[in-house]
Amino acid sequence: MQDAPKIRMNTEYRNKFFNRIKDVFEKEETQEQQAFLKAREDFNDQQKLAFELARAVVERSYPKEDVATLRTFKKRYGDPCDVVAKDGCFYFAHNEGVDDDGEPTETKSHFDFGLFGDLNGREHNHSQDSEHFAHAYFREELKAKGCNPDIIAQQSGKESNPYKTKYVDQCNRELGKETNGSNNNNDIGMTKDYNNQYMLDVIGTSYCRSRAIACTKEEYTLFEQWRMAKSHVVSKHQTWIASITKQADQLKLGLKAYRYISEGIELAKELGIELDEAELIRTNSTGLTLYNPTNLANLIKGMKNTEQTREQKIKARMSYDKQATN
């Protein structure tokens with residue numbers, strides 16, 4: 001009895017192997033993955049502590065009773081007294097140091113608690129790290145929506161290009177980021193829900209860069225530690241995705257050299273991934289079984305007779321009720 005002929009590899013099969021194996025790479029509990037998840041958990045803890053500290057510092061400069069009084073005046077006199085607003089970006093400063101001449105020095109920076117807040121202390125012209133953080137923070141939610149939250153990490157070191165821009169913009173839209181990037185009052189969705197947790201009442205009519213809020217050196221240091229924790233989410237995500245990308249690139253090169261499906265099956269086995277050749281042949285590139293007879297028949301049936309008359313709907317409902325009572 002002759003052996004069954006070997007099935008030749010082609011682009012479709014290579015894509016199936018690549019997608020299946022790369023998916024395993026992403027789900028593996030590697031040191032890089034665990035370091036990223038821990039960095040994100042640590043940030044959550046730091047965010048809570050830092051914001052409560054920010055609340056104490058802000059309310060020390062803008063007491064609740066003053067805020068309440070000014071709001072009363074606004075109701076009475078209108079816009080001329082409209083000087084209280086919610087904000088999540090605070091310009092903290094302390095002057096407890098001295099320069100070489102013994103003169104007091106001021107240390108100051110912006111600390112933005114928003115999802116897309118800058119990681120380097122700037123109020124505007126945010127670096128791409130702020131987008132990277134937002135995508136990494138809501139990575140699972142974005143993946144579930146068909147986005148690629150790893151795109152910035154995957155394109156690290158590369159110049160801006162349409163491919164990267166496409167997926168960055170898609171992630172930003174799904175998160176609800178304000179498209180003009182100038183007024184976070186227009187944020188929606190996940191971004192708005194996140195930002196609303198970290199807003200405080202401030203007094204003033206201009207942007208936060210012109211209303212420095214006094215804090216102590218120790219408080220300032222704690223704010224810097226919080227911002228460092230935010231940066232760690234980005235750096236650990238970058239390291240993890242870089243390791244996956246490196247593996248995926250090598251995988252792609254290897255698959256190009258294979259002539260038969262059996263070689264791909266052997267590779268997967270060596271990696272600890274069980275793949276069935278028959279299943280692989282009858283599935284699409286995403287791994288969803290579609291083309292076995294039962295699934296294909298059900299798929300085709302679902303494409304026709306989608307409209308029912310009133311009589312058919314009543315008959316179907318009566319049949320359903322009868323089955324439910326039996």
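The values are calculated or read from the model by the stated rules, or taken from the named source; none is laboratory data. These figures come from a predicted structure and were not determined experimentally. Note that each Cβ is placed from the backbone with ideal geometry, even for glycine, and that neighbours are counted across all protein chains shown.
Just one of the numbered conditions (1) at pLDDT 95 or above; (2) of a type outside the set (Ser, Thr, Tyr); (3) surrounded by 13 or more Cβ atoms within 10 Å (Cβ to Cβ) is not true of Leu70: (1). Scanning segment 146-174 for residues that are within 17 Å of His237 (Cβ to Cβ) and in a helix (DSSP H, G or I) gives Ile151, Ile152, Ala153, Gln154, Lys164, Tyr167, Val168, Cys171, Asn172. Looking at Thr30, Thr107, just one residue is surrounded by 14 or more Cβ atoms within 10 Å (Cβ to Cβ), polar (S, T, N, Q), over 25 Å from Glu219 (Cβ atoms) and modelled with pLDDT under 95, and that residue is Thr30. Take Thr221 and tell me if it is farther than 13 Å from Ala134 by Cβ, surrounded by fewer than 19 Cβ atoms within 10 Å (Cβ to Cβ), at pLDDT below 95 and not aliphatic (A, V, I, L, M). So Thr221 does not fit the description; no. In segment 125-147, what residues are within 16 Å of Asp23 (Cα to Cα) and buried (at least 17 other Cβ atoms within 10 Å of the Cβ)? Those that are within 16 Å of Asp23 (Cα to Cα) and buried (at least 17 other Cβ atoms within 10 Å of the Cβ): Arg139, Leu142, Cys147.
Matching residues to (1) touching a Pro at 6+ places or on another chain (Cβ under 9 Å); (2) touching a residue at least 60 places away in the same chain (Cβ under 8 Å); (3) among the β-branched types (Val, Ile, Thr); (4) at negative phi:
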site	(1), (2), (3), (4)
Thr11	no, no, yes, yes
Asn15	no, yes, no, yes
Phe18	no, yes, no, yes
Val24	no, yes, yes, yes
Glu28	no, no, no, yes
Leu37	no, no, no, yes
Arg40	no, yes, no, yes
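Counting only residues that are modelled with pLDDT under 85 and either basic (Lys, Arg) or in a loop (DSSP other than H, G, I, E, B) (or both), segment 188-216 holds 6 of them. So for segment 26-37 (the condition being β-branched (Val, Ile, Thr) and closer than 30 Å to Gly264 by Cα), does at least one residue qualify? Scanning segment 26-37, I find at least one residue that is β-branched (Val, Ile, Thr) and closer than 30 Å to Gly264 by Cα, so the answer is yes.
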